[in-house]
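Shown next, in structure tokens, is the structure this report addresses.
The values are calculated or read from the model by the stated rules, or taken from the named source; none is laboratory data. Remember, it's a predicted structure, so these values are computed and weren't measured experimentally. When we count neighbours, we look across all protein chains shown, and the Cβ atoms used for this are built from the backbone with ideal geometry, even at glycine. Accessible surface areas use protein heavy atoms only, side chains included; no ligands, DNA or RNA. Shrake-Rupley method; radii C 1.70, N 1.55, O 1.52, S 1.80 Å.
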Amino acid sequence: MPEIKLENVSKLIDQKPIVDNVSLEIPDKSLFCILGPPRSGKSMVMRLIAGLEIPDKGRILFDGEDVTSLGPVERKVAVAFQDFALYPHLTAFDNIASPLKLMKLPKDEIRRRVMDVARYLKIDHRLTHYPSELSGGEKQRVAIARALVKDAEVILLDEPLVRLDYKIREDMRAELYKIQREVGKNVILITSDPLDAMSLGERIAIMNEGKVLQLGTMEDLYETPANILVGRYFGVVEMNIFDGEVVKTNDMISIKTKIFETSFKNTGNLPEGKVKIGLRPEHMSIVELSGKKEINFKGKIVLTEVVGSDTIVHIDAGLKELLRVSVPAIYRRQIGEGIEVGFNAESLYIFSSEDEKLLARGGDLIG
Amino acid sequence: MVRVFLDHVTKIFKGEKKRVVAVDDVTLEIPDGAFVGLLGPSGCGKTTTLRIIAGLETPTKGKVYFDEEEVTDWEPRKRNVAMVFQFPVLYPTITVYENIALPLRAAKEPESEIRKKVKEIAELMGITEILNEKPIKLDVNSKQKISLAKALIRDPSVFILDEPLTVLDPKARIELRTKLKKIQLGMKKTMIYVTHDQTESLTLAEKVAVMNAGKILQYDTPEALYDNPANTFVGWFIGNPGMNLIECDVVEENGKLYLSTEGGFRYDISFIADELKKLGQPKTVVLGIRPEFVEVGSGPLKAKCVHAEYVGNRIILHLESYDRTLKAKTPITVRARPGDTLRIDFVKERIKLFDPKTGNALL
């Protein structure tokens, strides 16, 4: 049940760094999440932790012990791949037993171990069934049982929910959380869906182009995104980003954009000049529904996108990109209609227009 | 444009072993110029229904009308239905212009007319710049725009869209949803949009038919599907997450009426006692309440938080209340953590009751 440490780990393929100087600490018995878009290097990090690949540089430590050159079995690591990849022609029992059969263990030993783990995961009454007869949650439990039966101390889940219907996903996340609590092992989840990370990851590493962009709790990443990419990616609806300018006058600081202008007393360390402004769709509201806010501006409806219980309103406010505003209700309006949007200055994010790093949040400037 | 009417349509597929009722006694009216969604999980019969409308399948029972005319046995060609599929179907090696012009060429329209129409449609879809390119070199977003242009240029009677936007990237999806909506509003085309994705349906269509197991369960506006689901399936299927469905006994005690379970779940519903009496006071019901109408903080029910899912500035709490489970969607300011015991209440006017046997709405 190790604490896992990656120290300056790099992995090259055809001279190109797929994983680029990554350092991570994964606490023992936690649900850790590695989040990143396709080809961000997250799956390679998983393979490196699993011992399926050996790094070109750096070290991997389990409880302080160097395991860099050990294979998956010696590391006591198990991997469950996309869709949980169960054998459709084998019963739940035989699916769980398959790694033990490969190890050529005696029959009664296999039976005992399968039954133990099945009881533990509360699927002992479903063992004679085939995968097609099992519910989504049961399949998940069978796949994890198969991983655990080998005495694995670390379980790596590679995009376990990606191909599932979104209706089923609603419950599968909670189910995964429950399973991790029950088994109390180190579970590492690899995903490209920020919602998986938000709802499951106690700690989350966001990756892009082989690097870890930010490491922290859900709150850290959501409230203080290190840069524009994290801001855009780590959210329910993509953060709005548009051009702005910082102007200092006397002891005030002004932020000017095409759609609004606002001033703060606390000048902070903001440099003057061009910046990028970030605003989360869920921090903005429609004036006719929720009343005026500190800052209000007008625009035209492009599309009201009804996402089940919520609506994303796409608005043309004269910026290069459309603005997205989240409304927690069904809200349908016609294309081209005028609309007024409001938000409070504390929800602003100010990013550098050069390296795209976070410079300040509205809340910090209010003081 | 036409009005499409399905009159008690059933389609049965007979395989070697199994007999599958794909469409089960479906009656559906799509008014002339309306934008209607056909929504349901895979295998619900929506694709067979649209194939029947297009004339690609003949119903086992029932009739299909375009306006007042019965078209049940008409060939697809005669029906003048344009279809756009999930994956764009184009000739890869002739130009985009020629691809779009194809249906007009087949109809032997004069060259000047073809040029005018292609230009118009290309502008509408925003593909003027790529008219001379060949599809083989284009990305899927552009290809789907071309497919839509090709379908539109024929001026079909009915326009059928079978999940055409699922393969597009998010930006192009928003762009094309907007275009489709504009086109439909501007040209008043009869459009049928088939999808498993509630967002596509609720965003585009004025009315949505929710299908499951071959049947249409409800045919209504997005607001009505959300506010007043006709049955438990619609309540669960629409919304993210779907409606909580909690089976309870109805118990009368000291002149009050409660929803109750063996494990101690008890909720006073005396405020709807009269309505329930009128229904013959059923002994058991399914309580339907959307997660966003479960209030956390105070209330008559105890609930243990088993999981908190963050979705931006809101949290979905997975709760165990006595012997029942449910979800609450609350603002992030409710800082509940797994293991916490909370008190909960329901927004009274949002409470729905369903028949546990049929799943149909009672109140």
Query - Sequence-separation-based contact order of region A:44-140, relative, with Cα cut under 8 Å and 6+ spacing, percent - result: 24 percent
Report summary line: Buried accessible surface, B vs A, both sides, probe 1.4 Å, in Å² to 100, equals 3300 Å²
**Report entry** Ratio Rg/Rh [Cα only; Rh per Kirkwood] for region A:236-365
**Finding:** 0.99
Report task. Please list the radius of gyration and Dmax for region A:81-210, considering alpha-carbon atoms only, with Å as the unit. Result -> 14.9, 48
Report task. Could you list which residues have their amide H under 5 Å from that of B:F346, counting only those 5 or more apart in sequence or on another chain, with H placed in the peptide plane? Result -> B:E295
**Report entry** Tilt relative to chain B, helix B:111-125 - C-alpha long axis, 0 to 90 degrees, to 10
**Finding:** 30 degrees
**Report entry** P(r) tail fraction, region B:146-225 - alpha-carbon pairs more than 15 Å apart, %
**Finding:** 59 percent
Query raised in the report: Let a ≥ b ≥ c be the square roots of the eigenvalues of the Cα gyration tensor of the protein assembly as shown; is it rounded (a/c under 1.5), or, if not, prolate (a/b larger than b/c) or oblate?
Result: rounded
Query - Spatially proximal lysines relative to A:K5 (Cα-Cα < 30 Å; intrachain offsets below 8 disregarded) - result: A:K16, A:K29, A:K42, A:K57, A:K76, A:K150, A:K178, A:K185, A:K211, A:K357
Report summary line: Here region A:299-309 yields Karplus 3J(HN,Hα) values (6.51, -1.76, 1.60; θ = phi - 60°; whole Hz; Gly and Pro given as x) of x, 10, 5, 9, 7, 9, 9, 8, 9, x, 8
**Report entry** Overall Cα dimensions of chain B - principal axes, largest extent first, Å
**Finding:** 83, 47, 41
Query raised in the report: With all protein chains present and a 1.4 Å probe, how do B:R343, A:R361, B:R335 order by accessible area, largest first?
Result: B:R335, B:R343, A:R361
Query raised in the report: Given region B:87-180, what whole percent of its Cα pairs are spread farther than 18 Å?
Result: 42 percent
Report task. Compare the peptides B:48-56, A:67-75 by average per-residue count of other Cβ atoms within 10 angstrom and give them in order, highest first. Result -> B:48-56, A:67-75
Report task. Please arrange A:D63, B:D323 by accessible surface area, largest first, computed with a 1.4 Å probe and ligands excluded. Result -> A:D63, B:D323
Requested in this report: Write down the accessible area per residue of region A:236-365 in Å², having rolled a 1.4 Å probe over the full set of protein chains.
Outcome: 45 Å²
Requested in this report: For every helix of n ≥ 4 consecutive DSSP H residues, a contribution of -39,500 (n - 2.57) applies; sum these over the protein assembly as shown, divide by its total residues, and give [θ] at 222 nm rounded to the nearest 500 deg cm²/dmol.
Outcome: -7500 deg cm²/dmol
Report task. Express the relative contact order of region B:1-96 as a whole percentage, based on alpha carbon pairs under 8 Å and six or more residues apart in sequence. Result -> 30 percent
Query raised in the report: In nanometres, what is the gap between the two model label sites at B:T128 and A:K16, each 7 Å from Cα along Cα-to-Cβ?
Result: 3.7 nm
Query raised in the report: Measuring from label point to label point, each 7 Å out along Cα→Cβ, what is the A:K248 to B:T325 span in nm?
Result: 5.6 nm
Query raised in the report: So what J values fall out for region A:133-147 if you push phi through Karplus, 6.51 cos²θ - 1.76 cosθ + 1.60 with θ = phi - 60°, rounded to Hz, Gly and Pro as x?
Result: 9, 9, 6, x, x, 5, 4, 4, 5, 5, 4, 6, 4, 4, 5
Report summary line: A 1.4 Å probe over the protein heavy atoms gives the protein assembly as shown a carbon and sulfur accessible-area percentage of 49 percent
Query raised in the report: Which of the residues in region A:305-330 show a loss of at least 30 Å² in accessible area from their chain by itself to the complete set of protein chains, at a probe of 1.4 Å?
Result: A:E305, A:V306, A:V307, A:G308, A:S309, A:D310, A:I330
Report summary line: Heavy-atom accessible area of B:K116, protein chains in place, probe 1.4 angstrom, given in Å² to nearest 10, is 110 Å²
Query - Accessible area (Å², per residue) of region B:238-354, counting only protein heavy atoms and a probe of 1.4 Å - result: 44 Å²
Query raised in the report: If amide H atoms are built 1.01 Å from N in the plane of the peptide, which residues on other chains or at least 5 residues away come under 5 Å of the amide H of B:S321?
Result: B:K304, B:L326
Requested in this report: Assuming a ≥ b ≥ c are the square roots of the Cα gyration tensor eigenvalues, decide whether region A:17-174 counts as rounded (a/c under 1.5), prolate (otherwise, with a/b larger than b/c) or oblate.
Outcome: oblate
Report summary line: Candidate cut points under trypsin sites (Lys or Arg not before Pro) in region B:121-196, DSSP loop plus at most 14 other Cβ atoms within 10 Å of their own Cβ, are B:K188
**Report entry** 5 angstrom amide H check on B:T284, placed H, neighbours 5+ away
**Finding:** B:V250
**Report entry** Convex hull of region B:238-354 built on C-alpha atoms - directionally averaged projected area, nm²
**Finding:** 7.3 nm²
Report summary line: Per the charge dipole of region B:238-354 (beta-carbon charges, Lys/Arg positive, Asp/Glu negative, Cα centre), the residue among B:V294, B:T284, B:V311 reaching farthest to the positive end is B:V311
Query raised in the report: Hey, if we sort B:E262, A:E159, B:E68, A:E321 by accessible area with the 1.4 Å probe, largest down, what's the order?
Result: B:E262, B:E68, A:E321, A:E159
Query raised in the report: Residues of region B:31-63 with amide nitrogen under 19 Å from the 7 Å Cα-to-Cβ point of B:A224?
Result: B:31-40
Report task. With an 8 Å cut-off on Cα pairs and a minimum separation of 6 or more residues, tell me the relative contact order of region A:242-367 in percent. Result -> 26 percent
**Report entry** Euclidean distance of C-alpha centroids, region B:61-111 and region A:300-344, integer Å
**Finding:** 35 Å
Report task. Could you tell me the largest-minus-smallest coordinate of the C-alpha atoms of chain A on each of the three principal axes, in descending order and whole angstroms? Result -> 80, 46, 37
Requested in this report: Name the residue, out of B:L161, B:L185, B:L259, whose mean-square fluctuation peaks in a Gaussian network model built on chain B with Cα pairs under 10 Å.
Outcome: B:L185
**Report entry** Point-to-point label distance, A:E202-A:S98, nm (Cα→Cβ direction, 7 Å offset)
**Finding:** 3.0 nm
Query raised in the report: For the Cα atoms of chain B, what angle does the longest principal axis make with the long axis of helix B:170-187, in degrees from 0 to 90, nearest 10?
Result: 70 degrees
Query raised in the report: For the cross-link pairs A:K298/B:K329; A:K122/B:K17; A:K300/A:K320, which exceed 23 Å when the distance is taken from alpha carbon to alpha carbon?
Result: A:K298/B:K329; A:K122/B:K17
**Report entry** Mean-position separation - Cα centroids, region A:44-87 and region A:220-270, in angstrom
**Finding:** 40 Å
Query raised in the report: Relative to the first principal axis of the alpha-carbon coordinates of chain B, what is the inclination of helix B:96-106, with its axis defined by its Cα atoms, in degrees from 0 to 90 and to the nearest 10?
Result: 80 degrees
Query raised in the report: Which residue fluctuates the most in chain A, going by a Gaussian network model with Cα springs under 10 Å, if the choices are A:Q214, A:Q140, A:Q334?
Result: A:Q334
